[in-house]
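First comes the structure, then the notes that go with it.
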Amino acid sequence: MSPFFFRKFERWPLEGAKSISVCCEKCRNTNDHIIMVDPEIPLLQFGPFGKKPLLSLKKYYLTCSICGHDAKELTKDQANAMKG
Ligand SMILES: [Zn+2]
């Protein structure tokens with residue numbers, strides 16, 4: 001059995017990243033936003049591009065820690081620049 005069966009494909013906070021205090025446009029709270037990593041795994045990808053590595057794509061979001069709203073999508077470089 002592959003360990004992939006047991007993994008949860010959920011987003012997780014970027015390790016070592018600083019949080020930024022900004023006003024959330026959804027819940028209107030000014031609070032710490034954290035950087036979340038979204039694995040974006042193409043679970044059901046078939047066809048000519050079906051053989052791409054499963055973990056090739058990661059997305060980074062600046063996310064409200066109260067309501068979970070994604071304030072902004074970040075590039076990998078931007079996300080890594082937030083590590084302190
Ligand atoms: Zn919010």
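The values are calculated or read from the model by the stated rules, or taken from the named source; none is laboratory data. On a predicted model such as this, the values are computed, not experimentally measured, just so you know. Cβ atoms come from the backbone with ideal geometry, glycine included; neighbour counts cover every protein chain shown.
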* Any idea how many residues of the range 20-61 are at pLDDT 90 or above and more than 14 Å from the chain's Cα centre (by Cα)? -> 13
* **Of all residues in the range 1-19 being surrounded by fewer than 10 Cβ atoms within 10 Å (Cβ to Cβ) and more than 19 Å from N80 (Cα to Cα), the one that is modelled with the highest pLDDT** => E10
* Structure fact -> Counting only residues that are without any contact (Cβ under 8 Å) to a residue 24 or more places away in the chain and either hydroxyl-bearing (S, T, Y) or not in a helix (DSSP H, G or I) (or both), the range 71-84 contains a total of 3
* Asked: Does any residue in the range 13-40 that is part of a loop (DSSP other than H, G, I, E, B) come within less than 6 Å, Cβ to Cβ, of a residue that is loosely packed, with under 13 Cβ neighbours inside 10 Å six or more places away or on a different chain, and which pairs are these?
  -> G16/K83; K18/G84; K26/C67; C27/C67; P39/F9; E40/L57
